[in-house]
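Right, one structure below, let's go through it.
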Amino acid sequence: MRRRFSSASSSDDPYLERIRFEQVDELYRNMEVGVLGAFMGSIALAAGVIAFGDLSWTAAAAWMAGAVGCVSFHLAIKYFYRRVRNPEMAWRRWACGFTAAMLADGIGWGSATIFLVDRADAQILTLLVANTVAIGAVATCGSYMPAFLAIFLPITLLSGVWHATQGGTLHHAAAVLIGVFVVTMSRLAWLANANFIQRLRLHFEKEALAEEFRRQKEIAEEANLSKSRFLAAASHDLRQPIHGLGMFVGALARHPMNDEMRRLVENIEGSIDLMEGLFNALLDMSRLDAGVVKSHLQWFPIGPFLERVCQVNAEEALQKNLSFIQCSSTAIVYSDPVLLERILRNLVSNAVRYTDRGKILVGCRRRGQYLSLQVWDTGRGIAVGEQDRVFQEFYQAGTSEPHRDKGLGLGLAIVKRLAILLDHPLELSSELGRGTAFKLLLPATCQEATSTPATLSLAPCFAPSALILVIEDAFTAREAMRDLLTSWGYDVIVAASRADMLARITQCPSPPDLILCGYRLQGETMGVDLIRSLHAEYNEDIPAALIIDDATSDGVQAAREARIAVLSKPIANSKLRAMIGNLMNKPRASDQAEYAA
């Protein structure tokens, strides 16, 4: 312990100043107990020696005046200490003041054992009270050794030296006992002081470790957010080549080729579809983790919303010979339609993917002021022990290794994050081998929409011999769109900017049948504004779709407000084809924003 205290006093100790201040602060915290205890002892001593008849009233008054002066001085310096704004900056001065007060107390009590009384019995009482005060100093002043020694040594050494210089066995025995008492109590005070310092050092080291841990945690979180922000910011540049690649392969598939070439192209298309799904999932996760996805809550009818989402997945369900049931609803809910659509698409596509036989049911149920949006399937089900883990990233139920051909296991992780963002409670119930049900609780009104389609119908794939205007500033995406649409039998006009578009459409005698336009074009031209200007130019509500880089961006909201359909890159060829057919077969005055492929 002695070695530890020595290290605490070393100038190399990074915590030395803080330890010294805490030692001094401990003195002032414990001051009242020690000072008032000593004052009560001085009163008791004066009363006792007066009773013995060995102290005059004048001397007793002088003794009590000194005791009151000491108490007043202690309380005064504590008062000023507590009023100082930053006492830690001048702890040495406050330590010296306290130590000086303790030295005055020690000299007073030590002198009392020698000069206050003459009779032996009165001396014994005085010595007993004085040494009791010295013992109390271990607890009240032990945190700072100079203050402890300032009161302890004068009390004990003055009386010890006096007894040693007196004749007689009794005085010599008292001197020896006082010496033993000095050594013992000094050692105890030293150990208490060392333990106090060690506790302070451990506390400061713990604080430093906690601060370092917090700093490292912030660095790690910032690195993770930087990664997520980078992916979110780079999504435009990353989406373009995948978007173009899918369209080039789609155009290539329309050309004559032998069986081996056909097999290779089909494999490429399958790989591109898988890459698009994984890419979109990773970017969605990065945007959610980076906190750049914001919700835009509004009231809207759930019926058309359900129809649109189910229409996208119904064809795949039919190919697997599954019964796909969509229950119509006239409810009006409060949510973000873009983010809610992302949730429902993930849930429905998961149901189709992991259901081998039976049926899939999508519908709603009233729950008071809420609407429970539900997706049921008769698929493989999820074991009870895995139901919490399926919402974790990169986890797929039923296997220790994820099926790479079916994604990275991010779909339900995205669903969970979006549900939390929208404050929509999500419930999972499942039984292994019998199926799964997901239930999402949405705020709803008592009012109902005027009409909702009651049946699920698939739009024709496309309308041949139509003219499509494509406005896209990215060269690869523009050329890929031209080749793909041409291979499907459409007449296509492509343009890179507003000026380029105006130059090309002036040579066209008839208005386009469909407009596909990028969200932000060269020269900061907004695609929504360009589509509106074309509608005004032709005085006709030409079907149009806005091509955006991210399904959770502001472009979706802008398109919905302008009643324009939305396509997010990379666009699957099948979805593009279905969307074109859907738009061209709708009445021109319809709400195109109800469809977002």
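Can you sort Tyr370, Tyr79 by how many other beta carbons sit within 10 Å, fewest first?
Sorted ascending by nearby Cβ count, the order is Tyr79, Tyr370.
Calculate the dipole size of the range 298-448 relative to its Cα centre from +1 charges on Lys and Arg beta carbons and -1 charges on Asp and Glu beta carbons; express the result in debye to the nearest 20. Spell out each step's value before the answer.
Working: 18 positive and 16 negative charges, 37 e Å.
Here the size comes out at about 180 debye.
Arrange the peptides 123-133, 487-497, 255-265, 171-181 so that the one whose residues have, on average, the most other Cβ atoms within 10 Å appears first. Walk me through the numbers on the way to the answer.
Details: 123-133: 20.2, 487-497: 17.6, 255-265: 10.4, 171-181: 15.2.
Packing proxy ranking, top to bottom: 123-133, 487-497, 171-181, 255-265.
Can you tell me the order of 573-582, 341-350, 203-212 when each peptide is scored by its average per-residue count of other Cβ atoms within 10 angstrom, highest first? Walk me through the numbers before you get to the answer.
Working: 573-582: 20.3, 341-350: 22.2, 203-212: 11.6.
Top to bottom by mean Cβ count within 10 Å: 341-350, 573-582, 203-212.
Does the range 2-212 come out rounded, prolate or oblate, given a ≥ b ≥ c as the square roots of the eigenvalues of its C-alpha gyration tensor, rounded meaning a/c under 1.5 and, failing that, prolate meaning a/b above b/c? Walk me through the numbers on the way to the answer.
Numbers: a/c = 3.18, a/b = 1.73, b/c = 1.84.
In terms of gyration-tensor shape, oblate.
Please list log₁₀ I(q)/I(0) at q = 0.10 Å⁻¹ for the range 298-448, using the Debye equation with identical point scatterers on the alpha-carbon positions.
-0.33
Listing Met102, Met501 from the residue with the fewest other Cβ atoms within 10 Å to the one with the most, what is the order? Can you show the working numbers first?
On the way: Met102 27, Met501 23.
Final ranking by Cβ density, sparse to dense: Met501, Met102.
If one computes P(r) from the Cα atoms of the range 100-141, what percent of pairs lie at distances over 16 Å?
Values: 305 of 861 pairs.
I get 35 percent for the Cα pairs in the range 100-141 exceeding 16 Å.
Treat the count of other C-beta atoms within 10 Å as a stand-in for reagent exposure and order Arg82, Arg520, Arg308 from fewest to most.
Values: Arg82 9, Arg520 16, Arg308 19.
Sorted ascending by nearby Cβ count, the order is Arg82, Arg520, Arg308.
Just so you know, all these numbers are worked out from the coordinates, no wet-lab data involved. Remember, predicted model here, so these are calculated numbers, not experimental data. Here the Cβ is made from the backbone with ideal geometry for all residues, glycine too, and neighbour counts use every protein chain on show.
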